[in-house]
Amino acid sequence: MLSLAALLLTACSGGKKPEVEYALPDTLCGAHVGKKAIEPLFPPGSKLTKTGDGLDKGKYASGCEYAVDNHKTLFVRNFFHEDVQTARQIAESRATMYGDGDKKVTVDASGDAAVYSRGAVAVEACAGYSSEGDVEGPHKSFSVEILTFYPKDLSKTEKALTQLLKKIVPVVAKANGC
């Protein structure tokens, strides 16, 4: 009984901070970004799993998903657009779908990236055809999107999330001949 009380007291007093027991990846969906860039977006846990394609495969739309201990953690996707999209337009749409009622969008000074309550998006011009045999037709731009489930409050990681997107965009651009 006394040991149970001591255990509860340790747990309630803050005790030891939960740890990341899995190895953080150096890449996100094939784009080398380094562990420090993604560390704030991955929660404590013991097992990391990844499913999906790399962003560097030259596909019209691709991406991957990460889960920690079987809980959705991060979705990373790229999409090509038949028209020129802006980061604000896409972020506003995603905020409506995923923002839990919070439709606030913050656009980077360049205008090429925007953050909303559950993620971020970056856009770049890229005229031409997809490398999938032109199945989807010509495109004029592409977007890279990150949907996060951790941390719950992105206000402290907005800058890091924007910088992460700006590291991924050149990989997608190169893979698609932009």
- Each label point is 7 Å from the Cα along the Cα-to-Cβ direction; what then is the distance between the points at residue 104 and residue 51, in nm? 3.3 nm
- Query: Which of the lysines could a cross-linker bridge to residue 156, judged by Cα under 23 Å and excluding same-chain residues fewer than eight apart?
  - Reply: 16, 17, 35, 36, 72, 103, 104, 166, 167
- What list of ³J(HN,Hα) couplings, whole Hz, do you get for segment 21-28 from phi and the Karplus terms 6.51, -1.76, 1.60, once you set θ to phi - 60° and write x for glycine and proline? 9, 9, 7, 6, x, 8, 10, 10
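Could you check how many percent of all C-alpha pairs in segment 31-161 are farther apart than 22 Å? If you can, show how the numbers build up before the last one.
Working: 3292 of 8515 pairs.
Of the Cα pairs, 39 percent sit more than 22 Å apart.
What FRET efficiency comes out for the pair residue 97/residue 158, r = Cβ-Cβ distance, R0 = 30 Å, nearest 0.05? Walk me through the numbers before you get to the answer.
Numbers: r = 19 Å, r/R0 = 0.64.
It comes to 0.95.
Among residues other than residue 95 whose Cβ falls under 11 Å from its Cβ, what is the net charge (Lys/Arg +1, Asp/Glu -1)?
Values: positive: 88, 94, 103, 104, 118; negative: 92, 100, 102.
Here the count lands on +2.
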- Task: Would you kindly give the portion of the calculated P(r) for segment 45-121 that falls above 22 Å, as a percent of all Cα pairs?
- Result: 35 percent
- Item | Euclidean distance of C-alpha centroids, segment 137-169 and segment 33-77, integer Å | 12 Å
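We did not get these values from a lab; they are worked out from the coordinates using the rules stated. Keep in mind that this is a model prediction, so the values were computed, not measured. Note: ideal-geometry Cβ built from the backbone for every residue, glycine included; neighbour counts use all protein chains shown.
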